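One structure below.
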Amino acid sequence: MRSQPVVTRSTLHGIATAAGYRGRILAVDDNVVNQRVAQRYLERMGCTVTIASDGTQAVELCSTETPFDLILMDVHMPRMDGFTATGCIRSIEGSRRRTPIIALTADAMSGQAEKCRDAGMDGYLSKPIELDQLRKTLDRFLLREENFPAMT
């Protein structure tokens, strides 16, 4: 079992100097440490982050908030797991734009990626989150700030 990543000033400085992203992200995780790590990484990368501590809260936020640009969804949570929450969110979306949902799990068992896809998720990240993989995910689903001209 790998330990949680240590978030240091040096780590955060390296993230801050990277190209920024634009987007509203919902990070769903029942572990407070994981929430804080994800939030700090994403905010330093230029994202606006909302935290939900379980699937029930994530579904509530998706039904009442302006649509998110990306959802990072832990798959193993109490009350409502990430698979069930994803199904509910897909139902709420109806004919609206489909929000990319990326599974977060420490479960590296064979077949996990297929189970995430079958649940309606668009990608998969292993926990603890690795910065390179997070950047690749953001590159795929979010626009970088450099793609927008500066307002004069």
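The values are calculated or read from the model by the stated rules, or taken from the named source; none is laboratory data. Everything numeric in this text was worked out from a predicted model, so none of it was measured. For neighbour counting, all protein chains shown are included, and Cβ atoms are generated from backbone atoms with ideal geometry for every residue, glycine included.
Among (1) surrounded by 13 or more Cβ atoms within 10 Å (Cβ to Cβ); (2) touching a Cys at 6+ places or on another chain (Cβ under 9 Å); (3) at pLDDT below 95; (4) not aromatic (Phe, Trp, Tyr), which single condition is ALA19 missing?
So ALA19 meets the others, but not (2).
Which of the helices (runs of 4 or more DSSP H) contained wholly in region 47-129 include at least 2 residues that are modelled with pLDDT of 90 or more and crowded, with 20+ Cβ neighbours inside 10 Å?
By residue number, 55-64, 82-93.
Looking at GLY46 and the list (1) without any contact (Cβ under 8 Å) to a residue 40 or more places away in the chain; (2) touching a Lys or Arg at 6+ places or on another chain (Cβ under 7 Å), which single condition is not satisfied?
(1)
Just give me the residues in region 60-114 being among the small types (Gly, Ala, Ser), over 20 Å from GLU130 (Cα atoms) and without any contact (Cβ under 8 Å) to a residue 24 or more places away in the chain, in sequence order.
Once the filter is applied, which keeps residues that are among the small types (Gly, Ala, Ser), over 20 Å from GLU130 (Cα atoms) and without any contact (Cβ under 8 Å) to a residue 24 or more places away in the chain, region 60-114 yields SER91, GLY94, SER95, GLY111.
Could you list, in sequence order, the residues of region 130-152 that are assigned to a loop (DSSP other than H, G, I, E, B) and either at pLDDT 85 or above or polar (S, T, N, Q) (or both)?
GLU130, LEU142, THR152
Consider SER10 against the criteria (1) at pLDDT 95 or above; (2) assigned to a helix (DSSP H, G or I): it satisfies all of them except one. Which criterion is unmet?
Result: SER10 passes all but (1).
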